[in-house]
1. Suppose we keep only residues that are under 13 Å from the mean Cα position of the chain (by Cα) and among the polar types (S, T, N, Q) within region 31-61. Which one would you say is nearest to L13 (Cα to Cα)?
2. Being touching a helix residue (DSSP H, G or I) at 6+ places or on another chain (Cβ under 9 Å) and assigned to a strand (DSSP E or B), is that true of even one residue in region 31-54?
3. Return the only residue of V51, V37 being over 25 Å from S137 (Cα atoms) and hydrophobic (A, V, I, L, M, F, W, C).
4. Read through the list (1) outside any helix (DSSP H, G or I); (2) of a type in the set (G, A, S); (3) farther than 25 Å from P135 by Cβ, then give the number of the only condition that A104 fails.
5. Conditions first: (1) at pLDDT below 90; (2) out of contact with any Lys or Arg (no Cβ under 7 Å at 6 or more places or on another chain). E177 passes all but one, so which condition is the exception?
6. Is it the case that some residue within region 70-81 is part of a helix (DSSP H, G or I), within 21 Å of Y117 (Cβ to Cβ) and in the same structural domain as A5 (by TED's automatic domain parsing)?
7. Just checking, does region 15-25 include any residue being surrounded by fewer than 12 Cβ atoms within 10 Å (Cβ to Cβ) and over 20 Å from I122 (Cβ atoms)?
8. Cβ-Cβ distance below 7 Å, separation of 6 or more or different chains: which pairs start in region 72-83 with a residue that is modelled with pLDDT under 90 and end on one that is among the polar types (S, T, N, Q) and surrounded by 12 or more Cβ atoms within 10 Å (Cβ to Cβ)?
Amino acid sequence: MIQSAQVASKFTLFTHHAKTFPDLVTALRNSMLRAGVFKNERTAEEQVVQVLNFDIHLVKDFRGRRYIERVTECIPVEDKNEYTFDHRKEKTIEGKIDKFMDNATIYFTKSTNRELYKYVNILEYHDGTYVLTNPISETNIREMRNNMDDSDVSAFDKFLERNWGIKIKSYDDGDIEEYSLNNNVEENKPAKRGRKPKAVK
């Protein structure tokens, strides 16, 4: 499934029984390791998060009612080069050592604790209604628009602006002019249920 989603199809749908999004990533990663496709956990997890765009989580309550509890977006974390060459500007050996230690700290953090993905809930079910909790990422907005016809693009753009204040600069290039609410989103964890989210219009 992971391999076909990477190269052989425009989109892939599949089902899984993980209770949380991190559990889903871990289970798929472990399945790939057991199948012998990969031998390194980190490499296998990287492949998984490149494929998982959205998780639509369904639940069945004690009354037997089935409903979508949340829609979660997976956002792969890009590995950026954060090293500096400031040590060349330092005049003292102590200053050069400090700059070296800064780079060494970045290196070991990347090697041991680097996050491969972040996830946010886009939509949640609260007290009998669906509410929007976080905006969709710019990357997925562009990808979604690229796969819509003109009428769907127009309706989608209006939806983005009405609910999140996101304005698309041009219908042709998909450049985002305003992404105001994205600055207020703590992307590394789902929105907490205690706050008052915005109702879907």
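1. Going residue by residue through region 31-61, those that are under 13 Å from the mean Cα position of the chain (by Cα) are 46, 48-55.
Now restrict to residues that are among the polar types (S, T, N, Q): 50, 53.
Values: Q50: 14, N53: 11 Å.
Applying the filter and picking the extreme gives N53.
2. Yes: region 31-54 contains one or more residues that are touching a helix residue (DSSP H, G or I) at 6+ places or on another chain (Cβ under 9 Å) and assigned to a strand (DSSP E or B).
3. On the way: V51 fails: over 25 Å from S137 (Cα atoms).
That would be V37, the only listed residue that is over 25 Å from S137 (Cα atoms) and hydrophobic (A, V, I, L, M, F, W, C).
4. (1)
5. So the condition that E177 fails would be (2).
6. So in region 70-81, the residues part of a helix (DSSP H, G or I) come out as none.
No - not one qualifying residue is present in region 70-81.
7. First pass over region 15-25, keeping only residues surrounded by fewer than 12 Cβ atoms within 10 Å (Cβ to Cβ): 15, 17, 19, 22.
Of the ones still in play, those that are also over 20 Å from I122 (Cβ atoms) are 17.
Checking region 15-25: at least one residue is surrounded by fewer than 12 Cβ atoms within 10 Å (Cβ to Cβ) and over 20 Å from I122 (Cβ atoms).
8. Partner pairs satisfying both residue conditions: P76/Q50; Y83/N103.
The values are calculated or read from the model by the stated rules, or taken from the named source; none is laboratory data. Since the structure is predicted, the reported quantities are computational estimates derived from the model, not experimental observations. Every residue, glycine among them, receives a Cβ derived from its backbone with ideal geometry; neighbour counts consider all protein chains shown.
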